[in-house]
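The values are calculated or read from the model by the stated rules, or taken from the named source; none is laboratory data. None of these values were measured; they are calculated from a predicted model. Here the Cβ positions follow ideal geometry from the backbone for every residue, glycine too, while neighbour counts run over all protein chains shown.
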Amino acid sequence: MAKKSIRTMVKLISSAKTGYEKWFNIKRSSPDLNLILYDPRAQRHCLFTEAKKRKIAHVTPKDFTRSHRV
């Protein structure tokens, strides 16, 4: 059985609805990718979001309130 890769390819689609897309090679455990990049079809910078949902391990936020110390 083949070993699963640590990295994966993710397609980002422009939110300007021009159909322009970019591909990125990222770690599987990384959070959702949202970037502001240049879209040559719209001729401006716009938000790029992931095309498909991925399974991402839920990361619990750290508690810095020191509530355990009384």
task = Could you check, for the stretch 57-70, whether at least one of its residues is at pLDDT below 90, under 15 Å from the mean Cα position of the chain (by Cα) and not hydrophobic (A, V, I, L, M, F, W, C)?
result = yes
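For the stretch 31-70, which positions are assigned to a loop (DSSP other than H, G, I, E, B), in contact (Cβ under 8 Å) with a residue 24 or more places away in the chain and under 29 Å from residue 3 (Cβ atoms)?
Within the stretch 31-70, 31, 32, 51, 52, 54, 56, 57, 59 qualify.
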request  = Could you tell me which residue of the stretch 9-37 is farthest from residue 48 (Cα to Cα), considering only residues that are within 11 Å of the chain's Cα centre (by Cα) and among the polar types (S, T, N, Q)?
outcome  = 29
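Just name the residue that is surrounded by the fewest Cβ atoms within 10 Å (Cβ to Cβ) out of those in the stretch 38-55 that are modelled with pLDDT under 85 and under 10 Å from the mean Cα position of the chain (by Cα). Working first, answer last.
Step one: list which residues in the stretch 38-55 are modelled with pLDDT under 85, which gives 53-55.
Subsequent filtering for residues that are under 10 Å from the mean Cα position of the chain (by Cα) retains 53-54.
Working: 53: 7, 54: 13.
Residue satisfying both the conditions and the ranking: 53.
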